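Worksheet: the structure to be examined is printed underneath.
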């Protein structure tokens, strides 16, 4: 069985366009089944991602949006 992990990222998002870009890329990962759930919170600039992808893969997906990732940790 594949392990499920939860990651928390501090992503610099200054507007709804920023958060929408992150949401779009994570929705694509959700469609493939690699991400089971996620939450993008513009007010706290926090992104929580749960799924089977390794940390580095999730990091790269968010980074491709062009948004600055200030920090990231594994929660579970």
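The values are calculated or read from the model by the stated rules, or taken from the named source; none is laboratory data. Just so you know, these numbers come straight off a predicted model, no measurement behind them. Here the Cβ is made from the backbone with ideal geometry for all residues, glycine too, and neighbour counts use every protein chain on show.
Taking the criterion of being in contact with a strand residue (DSSP E or B) (Cβ under 8 Å, 6 or more places away or on another chain) and either surrounded by fewer than 13 Cβ atoms within 10 Å (Cβ to Cβ) or closer than 15 Å to residue 70 by Cβ (or both), the residues of the range 5-17 that qualify are 7, 8, 9, 10, 11, 12, 13. Considering only the range 11-22, I want to know if a residue exists there that is free of Cβ contacts under 8 Å to residues at least 24 places away in the same chain and within 9 Å of the chain's Cα centre (by Cα). There is no residue in the range 11-22 that is free of Cβ contacts under 8 Å to residues at least 24 places away in the same chain and within 9 Å of the chain's Cα centre (by Cα). With respect to (1) within 12 Å of the chain's Cα centre (by Cα); (2) crowded, with 18+ Cβ neighbours inside 10 Å; (3) not in a strand (DSSP E or B), the lone exception for residue 57 is condition (2). Close contacts from the range 63-75, counting a first residue that is touching a residue at least 40 places away in the same chain (Cβ under 8 Å) and a second that is surrounded by fewer than 13 Cβ atoms within 10 Å (Cβ to Cβ) and not in a strand (DSSP E or B), with Cβ to Cβ under 9 Å and a gap of 6+ residues or different chains, come to 65/24; 67/12; 68/12; 69/12; 70/12. For the structure I just gave you, tell me whether residue 33 is loosely packed, with under 13 Cβ neighbours inside 10 Å, assigned to a loop (DSSP other than H, G, I, E, B) and either in contact with a strand residue (DSSP E or B) (Cβ under 7 Å, 6 or more places away or on another chain) or at pLDDT below 95 (or both). So residue 33 passes the test.
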